[in-house]
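Structure record follows, encoded as structure tokens.
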Amino acid sequence: MAGSGTGQDRLDKIVMLIAAEMVADVCSCYVMRAGEVLELFSTLGLNKDAVHKTRLRVGEGLVGDIAAHARPIALDNAPSHPNFAYRPETGEDPFQSLAGVPILRGGKVRGVLVIQHADRRHYTEEEVETLQTIAMIVAELVAQGELVDPQEVFSTGDAALLPARLSGVPLNAGLAMGHALVHRPQLTIRQMVADDAERELERLAGALSAMHSAIDDLLAAAALAGLGEPRDILETYRMFAEDRGWLSRIREAIHMGLTAEAAVQQVQNDTRARMSHLTDPYIRERLLDLEDLSNRLLQHLAGKRSEADGGTLPEDLVLVARSMGPAELLDYDRKRLRALILEEGSPSSHVCIVARALDIPVVQCADALTRIEPLDHLIVDGDHGAVFVRPAEDIQMAFTESMATRSRREQEYAATRSLPSVTRDGVPISIQLNCGLLIDLPHLAASGAEGIGLYRTEIPFMVRHTHPDVQQQTELYARVLDEAGDKPVLFRTLDVGGDKMLSYISAGAQENPALGWRAIRIGLDHPSLLRQQLRALLRAAAGRPLSVMFPMIAEVAEFDAARAILDLELRWLERRGAEPPSRVRVGTMIEVPSLLWQLPALLQRVDFLSVGSNDLMQYVFASDRGNPRTANRYDPLSPPMLTLLRRLVEASRDAGKPIGVCGEMAGRPLDAMTLIGLGFRSLSMAPQSVGPVKTMLRSLDVAALRKYLVQLTQGGDHSLRPKLRAFALDHGILI
Ligand code: PEP
Ligand code: MG
């Protein structure tokens, strides 16, 4: 593949190598041409004159059969196969056995690769697999368009189009359908060297200034659209764009004799090489931003508009990209944008944060670019992390139906917004929201939630390159409180660690990050971090009530230590004569089981408790929540967990201290039903769960459920979910 010569030369070499390696008498490669015709492109062992002459229709002969069904064939007696078609010009009569595989790319058959032997011979599975692997490489050669103009094949339409289901990682929930637009920011650079460095430097300066004003326009547009964090993210672009190191490396490369484009690309390549060795997700993401910036600069240098400006974009765009910067996503017309598929990305990557603000599903899918072709019809299931490529009609119908049901449901849920959150037998339940971004706040009014039961303060920290100072934090928290108005907000102090590490705090390598240096442990080891955050919270809440809770508290002494820091900050505020909050409530998350054995002491100290069932589950069952093999192995609706939760809620009630649940289970109707049955009266959840949970609880009779639960949790079941579901159905509870 990497060799010199034309595409044909390289194909001939590959065919020769395969024949030699597999000790085959024949190796031939057929390539798909317009009109579903497979043309013999190269052979070793068959008559050379047949090359570019022998053509088979898809379905004709064994080669056509392989293409038609897109599956390998291995025969020890090929001529006796009913589909065998003898072509005298190839001289293949002496060959008895044949093994062939389709050359597939993007789910389409692009050709067929065949080996033949004169004697009767059984091909092993391993040999066929080897051939398939080689076919993948040949597919790249075909895709490069040197053998057959890609336009020729595309224009014939759907040569052996295969529907495919790609599974990936859900990065942002939602369901969408549309047509693929492959985002290829890379431009081909025609001229690499230049004589006149001064001229190239001038061109670079011109492109930089055009890029700056384009970023400023984007910033203004983001501000107009009220996109909070995306705007902050774009600010970091401006910072990067003015990064001296980056620019001086480009200038240096120009002085070495490169054109401005080649210089930008060289620096970009260096960055990529660095990136491939990096494991720190935060730094990787920052480098992806830089890559985006380089692509932008290249586009300005070429005076080219990006794909995003194209007038011929599909009306329903699903963007497919290796990676993407947030600004690039904002380049596309939001009205057309339906979903995003990334080969590289994580839920906390900038582009995902922007996608969330735009409310489009995002799925990360490792081989998206090889499996998806431009304009392919796609269904993106951001809830389950699946992408359906060229879906069959029945799948399309099923998804259209789900999308319609979803929007009908959403309308029904919206209608419950102003209805009281009270069970059928009159028990009031407080529904709160889990938030972490300013863009989440409008949901507070829209969903009818009573307040914010969990504000995850770490998220704004994670999208920044440097630690926000007290002033910046104060402004952010004040904005959260302003936007929440008279609805209460429960701020949780920094819960970083594990995979949520910040670039400016190094935890070193940790064998068990979930059991490692995280959350309050970092706060107590670096009290200045916690002090700054608490100071900012106290200042932001001046004259208003403030509720703060600490994450991952494992013992009462840790709570005391954290609380002491808060008291210190309160005194500091008083000494400076600043206005304190009208009231300060302090609580803790219940995530670490050890705390359950110190409940009386804990309950004397706290103003409230909030159960972080996500972490509590993983520690109770010793089962990593981030590992797909273990994440769903145990059910929160199980005797141990429900017994534990009941004790917790009863102890809190006896102590007169409010307790809520803010883990994911609070947002799932059946789980929420069970929590209410156990005695919880406050549930905090993602905005999209409010409608379903409220609908459920308005149809629930708590008294009947409470009795049933007492008896249920005494058994030895692995999961009580089926029984609880049956109970809900029998009692008309809308789960
Ligand atoms: C939890 O652990 O349940 C929780 C709400 O915290 P997080 O999911 O942010 O760890
Ligand atoms: Mg947690």
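Would you mind finding the one in 371, 334, 356, 338 that is at pLDDT 90 or above, open to solvent by 40 Å² or more (accessible area, probe 1.4 Å) and touching a Leu at 6+ places or on another chain (Cβ under 9 Å)? Outline the logic, then answer.
Values: 371 fails: at pLDDT 90 or above; 334 fails: at pLDDT 90 or above; 356 fails: at pLDDT 90 or above.
The match here is 338.
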Out of (1) out of contact with any helix residue (DSSP H, G or I) (no Cβ under 9 Å at 6 or more places or on another chain); (2) at pLDDT 85 or above; (3) in a loop (DSSP other than H, G, I, E, B), the odd one out for residue 487 is which?
(1)
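With the condition being among the aliphatic types (A, V, I, L, M), in contact (Cβ under 8 Å) with a residue 60 or more places away in the chain and touching a Leu at 6+ places or on another chain (Cβ under 8 Å), I'd like the strands (runs of 3 or more DSSP E) fully within the stretch 62-139 carrying at least 3 qualifying residues. Don't jump to the end; show me each part of the working.
Working: elements: 73-75, 97-105, 108-117.
Filter on the stretch 62-139 gives 108-117.
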Failed item in (1) aliphatic (A, V, I, L, M); (2) touching a residue at least 12 places away in the same chain (Cβ under 8 Å); (3) out of contact with any Leu (no Cβ under 7 Å at 6 or more places or on another chain), with residue 540 passing the rest
(3)
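Conditions (1) out of contact with any Pro (no Cβ under 7 Å at 6 or more places or on another chain); (2) open to solvent by less than 10 Å² (accessible area, probe 1.4 Å); (3) of a type in the set (S, T, N, Q); (4) free of Cβ contacts under 8 Å to residues at least 12 places away in the same chain, marked per residue:
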{"site": "666", "(1), (2), (3), (4)": "yes, yes, no, no"}
{"site": "690", "(1), (2), (3), (4)": "yes, yes, no, no"}
{"site": "701", "(1), (2), (3), (4)": "yes, no, no, no"}
{"site": "713", "(1), (2), (3), (4)": "no, no, yes, no"}
{"site": "717", "(1), (2), (3), (4)": "no, no, no, no"}
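Out of all the residues in the stretch 634-664, which are part of a loop (DSSP other than H, G, I, E, B) and open to solvent by less than 10 Å² (accessible area, probe 1.4 Å)?
Step one: of the stretch 634-664, the residues part of a loop (DSSP other than H, G, I, E, B) are 634-638, 656-658, 662-663.
Of everything in the stretch 634-664, those that are part of a loop (DSSP other than H, G, I, E, B) and open to solvent by less than 10 Å² (accessible area, probe 1.4 Å) turn out to be 637, 638, 662, 663.
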Restricting to the stretch 591-612, count the residues that are away from ligand 2 (no atom under 16 Å from the Cβ) and assigned to a helix (DSSP H, G or I).
9
Of the residues in the stretch 663-693, those that are within 16 Å of ligand 2 (Cβ to nearest atom) and more than 19 Å from residue 645 (Cα to Cα) come to 686
Can you tell me which of 615, 567, 624 is within 14 Å of ligand 2 (Cβ to nearest atom), open to solvent by less than 60 Å² (accessible area, probe 1.4 Å) and among the charged types (D, E, K, R)?
615
Any chance the stretch 393-401 includes a residue that's at pLDDT 80 or above and either in the same structural domain as residue 214 (by TED's automatic domain parsing) or buried (at least 20 other Cβ atoms within 10 Å of the Cβ) (or both)?
no
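Residue-wise test of (1) away from ligand 1 (no atom under 14 Å from the Cβ); (2) among the aliphatic types (A, V, I, L, M); (3) in contact with a Lys or Arg (Cβ under 9 Å, 6 or more places away or on another chain).
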site	(1), (2), (3)
426	yes, no, no
431	yes, yes, yes
446	yes, yes, yes
452	no, yes, yes
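Counting only residues that are aromatic (Phe, Trp, Tyr), in the same structural domain as residue 670 (by TED's automatic domain parsing) and within 20 Å of residue 454 (Cβ to Cβ), how many does the stretch 605-636 have? Can you show your working first?
First, pick out the residues of the stretch 605-636 that are aromatic (Phe, Trp, Tyr): 608, 619, 621, 634.
Among the residues that remain, those that are also in the same structural domain as residue 670 (by TED's automatic domain parsing) are: 619, 621, 634.
Applying the additional criterion that residues be within 20 Å of residue 454 (Cβ to Cβ) yields 619.
Count: 1.
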Filter the stretch 509-537 for residues that are within 15 Å of residue 493 (Cα to Cα) and of a type in the set (D, E, K, R); the one that is most open to solvent (accessible area, probe 1.4 Å) is 525
Are any of the residues in the stretch 405-412 touching a residue at least 12 places away in the same chain (Cβ under 8 Å) and buried (at least 16 other Cβ atoms within 10 Å of the Cβ)?
no
Here are 110, 105, 120: which of them is in contact with a Ser or Thr (Cβ under 8 Å, 6 or more places away or on another chain) and modelled with pLDDT of 80 or more?
120
Could you tell me whether the stretch 686-698 includes any residue that is at pLDDT 95 or above, under 31 Å from the mean Cα position of the chain (by Cα), under 22 Å from residue 443 (Cβ atoms) and not in a helix (DSSP H, G or I)?
no
Out of (1) within 29 Å of residue 454 (Cβ to Cβ); (2) of a type outside the set (Val, Ile, Thr); (3) not assigned by TED's automatic domain parsing to the domain that holds residue 703, the odd one out for residue 424 is which?
(3)
Here is a check on your reading of the model: is residue 486 open to solvent by 50 Å² or more (accessible area, probe 1.4 Å) and either within 16 Å of ligand 2 (Cβ to nearest atom) or closer than 27 Å to residue 529 by Cα (or both)?
no
Options 613, 594, 652; residue that is out of contact with any Gly (no Cβ under 6 Å at 6 or more places or on another chain), polar (S, T, N, Q) and within 16 Å of ligand 1 (Cβ to nearest atom):
594
Could you check the stretch 547-575 and list, in sequence order, the residues that are under 21 Å from residue 591 (Cβ atoms) and aromatic (Phe, Trp, Tyr)?
550, 559
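Could you please give the count of residues in the stretch 420-430 that are over 16 Å from residue 683 (Cα atoms) and open to solvent by less than 70 Å² (accessible area, probe 1.4 Å)? Outline the logic, then answer.
Here is the first cut: in the stretch 420-430, the ones over 16 Å from residue 683 (Cα atoms) are 424-426.
Subsequent filtering for residues that are open to solvent by less than 70 Å² (accessible area, probe 1.4 Å) retains 425-426.
Number of matching residues: 2.
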Single unsatisfied condition, residue 35 versus (1) surrounded by fewer than 16 Cβ atoms within 10 Å (Cβ to Cβ); (2) under 23 Å from residue 8 (Cβ atoms); (3) in contact with a Lys or Arg (Cβ under 6 Å, 6 or more places away or on another chain)
(3)
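Applying the selection to the stretch 59-81, what residues are within 48 Å of the chain's Cα centre (by Cα) and open to solvent by 30 Å² or more (accessible area, probe 1.4 Å)? Give the steps one after another, and end with the answer.
Restricting attention to the stretch 59-81, the residues satisfying the condition of being within 48 Å of the chain's Cα centre (by Cα) are 59-76, 78, 81.
Once the filter is applied, which keeps residues that are within 48 Å of the chain's Cα centre (by Cα) and open to solvent by 30 Å² or more (accessible area, probe 1.4 Å), the stretch 59-81 yields 59, 60, 68, 69, 71, 72, 74, 75, 76, 81.
Report whether or not residue 574 is open to solvent by 10 Å² or more (accessible area, probe 1.4 Å), without any contact (Cβ under 8 Å) to a residue 40 or more places away in the chain and within 16 Å of ligand 2 (Cβ to nearest atom). Reasoning before the result, please.
Numbers: open to solvent by 10 Å² or more (accessible area, probe 1.4 Å): yes; without any contact (Cβ under 8 Å) to a residue 40 or more places away in the chain: yes; within 16 Å of ligand 2 (Cβ to nearest atom): no.
No; evaluated as a whole, the condition is false for this residue.
Just to be sure, is residue 506 at pLDDT below 95, among the polar types (S, T, N, Q), open to solvent by 60 Å² or more (accessible area, probe 1.4 Å) and in a loop (DSSP other than H, G, I, E, B)? Before the answer, list the steps.
Numbers: at pLDDT below 95: yes; among the polar types (S, T, N, Q): yes; open to solvent by 60 Å² or more (accessible area, probe 1.4 Å): yes; in a loop (DSSP other than H, G, I, E, B): yes.
Criteria met by residue 506.
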Could you grab me the full set of residues in the stretch 538-555 that are surrounded by 20 or more Cβ atoms within 10 Å (Cβ to Cβ) and either over 15 Å from residue 495 (Cα atoms) or more than 32 Å from the chain's Cα centre (by Cα) (or both)?
538, 539, 540, 541, 546, 547
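The values are calculated or read from the model by the stated rules, or taken from the named source; none is laboratory data. Here the structure is a predicted model, which means the values were calculated and not measured. Positions of Cβ are backbone-derived with ideal geometry, glycine not excepted, and every protein chain shown enters the neighbour counts. The area values use the complete protein model at the heavy-atom level, side chains included, leaving out ligands, DNA and RNA. Shrake-Rupley method; radii C 1.70, N 1.55, O 1.52, S 1.80 Å.
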